[in-house]
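Scroll down for the structure; my scribbles are underneath it.
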Amino acid sequence: MSEQVGEEQRNAMLRRLARLEGQIRGIQAMIRRGDDCEAIAQQFSASRKALDRAYQQLLVCLVEEAVMNPNQAPDETMSQVRAIFTKYS
């Protein structure tokens, strides 16, 4: 993340990823214990959604960086935003 991203946003992303890491460790523990497949699937689904939300926040960061760049012409900015969505979605 660039310097344009505030410390608060950076910390929020790190907290989100730490929670996700905990969820993944929980899934591993469930598998080791031999928990019910449906319960494991529910945790997988929740983890995937959490990862998607974190990824969406990162995409927002990329777009904000492109839009807030004062050294770019508007057509360059739009080209960069299009490239972000093409490359990362």
Number of the condition not met by Ser45 [criteria: (1) open to solvent by 90 Å² or more (accessible area, probe 1.4 Å); (2) under 21 Å from Leu20 (Cβ atoms); (3) not hydrophobic (A, V, I, L, M, F, W, C)]: (1)
Hits in region 59-82 - residues which are in a helix (DSSP H, G or I), open to solvent by 70 Å² or more (accessible area, probe 1.4 Å) and in contact (Cβ under 8 Å) with a residue 40 or more places away in the chain: Glu64
Close pairs (8 angstrom Cβ cut-off, 6 or more residues apart or separate chains): assigned to a helix (DSSP H, G or I) in region 38-52, open to solvent by less than 40 Å² (accessible area, probe 1.4 Å) and among the β-branched types (Val, Ile, Thr) anywhere: Ile40/Ile27; Gln43/Ile27; Phe44/Ile27; Ser47/Ile27
Glu21, sole failed condition from (1) open to solvent by 40 Å² or more (accessible area, probe 1.4 Å); (2) in a helix (DSSP H, G or I); (3) at pLDDT below 95; (4) not hydroxyl-bearing (Ser, Thr, Tyr): (3)
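The values are calculated or read from the model by the stated rules, or taken from the named source; none is laboratory data. Remember, it's a predicted structure, so these values are computed and weren't measured experimentally. So basically every Cβ, Gly included, is an ideal-geometry build from the backbone, and we count neighbours across all protein chains shown. Remember, those area values only see protein heavy atoms, side chains included, never the ligands or the DNA or RNA. Shrake-Rupley method; radii C 1.70, N 1.55, O 1.52, S 1.80 Å.
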